[in-house]
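Beneath this line is the structure, given in C-alpha cells, with notes to follow.
The values are calculated or read from the model by the stated rules, or taken from the named source; none is laboratory data. Remember, it's a predicted structure, so these values are computed and weren't measured experimentally. Quick note on the areas: whole protein, heavy atoms, side chains included, nothing else; ligands and nucleic acids left out. Shrake-Rupley method; radii C 1.70, N 1.55, O 1.52, S 1.80 Å.
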Amino acid sequence: MDKVQIIDFYNMWDDYEKDLQHYYNGPAYAAEAIDRSFPSNKDKVLILDVAAGTGLVGEELLKRGFKELHALDPSESMLIKAKKKNVYKKFLCEFVNPEPSPTIENDTYHCVVCSGGFGSGHIPAGALKEMIRITKPGGMIVVVMREEYLHIPEYSDSLEPLMKQLQNEGLWMCIERSVVHKYFCDKHGVIFRYRVLHRHL
C-alpha cells in the first residue's frame, strides 16, 4: 500500500480497538520497556508516541506514571479517537520519514516509542535516523514490532543492518533486543531499546 492507501485504511477502521482487544499486547510491552528505562521522575519524561493510533501505548504509559505524552500518526481519524482519552498533550498528524520533520526540532524528546508502526507498507527503516534526530542525547528509543516482520523484503536487508550501522557510527547504543511471546495473538514480538548518544547524522 502507498501512503494514501494506508491513511484511508486506518481512517475507515472504526472498530480498531475492539478488533485488537485481548490480542495485541505490543502497547503493554512498549510501556514496560520505557518503565525500565526511566525508573524515576516519570512525570517529567517527554515522550513521543510514533504511530500512536488511538492511544493504546499512551494509556499504558499513563498507568505507569508517565504524563508528558505527545502523539504522532498520519491518520486523523485515529488521532480524533486518541484525543477523547485525554492522554496526550500534543498531536502531530503526519508520517515519520527519513527526512526531518519541520514540525519537530532537534533533541526534543527524552524518549521516542513506536509499537506496531514497523510493518509492510508502514514506517521505512530510514526513519530511525529521524527518531534519533528528535531524541535528546542520553534519551531512549523503543521499537516494538512483530518479529517475523524483520524478514519481510522491506526490512530484511535494511532494518537491523541500519540499526547496527547507526551504532557503529556512534549515534546510539543497543540496550536491549529481546523476543517476547504473544505480541499479537500467538505471534512473537521483538523489543528494541536504544540509548541515543549523538543526534548529528
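Taking all protein chains as they are arranged and a probe of 1.4 Å, the heavy atoms of Asp73 leave approximately 10 Å² accessible to solvent.
Taking all protein chains as present, what is the carbon and sulfur share of the accessible area of segment 60-201, in % to the nearest whole number, probe 1.4 Å? The nonpolar share, carbon plus sulfur, comes to 52 percent.
Here segment 130-201 and segment 37-87 have alpha carbon centers that stand 19 Å from each other.
Near the amide H of Glu176, within less than 5 Å, lie the amide hydrogens of Arg193, all on another chain or at least 5 residues away, with H placed in the peptide plane. At a probe radius of 1.4 angstrom, the accessible area of the chain per residue rounds to 49 square angstrom. Over the chain, what is the percentage of antiparallel beta bridges among all DSSP beta bridges, to the nearest 5? Within the chain, antiparallel bridges account for around 50 percent of the total. For the residues Thr135, Thr103, Thr54, a GNM of the chain with alpha-carbon springs under 10 Å puts the largest fluctuation on Thr103.
For the residues Met173, Met131, a 1.4 Å probe over the protein chains yields an accessible-area ranking, largest first, of Met173, Met131.
Going through (1) 18.4; (2) 16.7; (3) 19.3, the figure that equals Kirkwood radius over Cα pairs in Å as computed for the structure here is (2).
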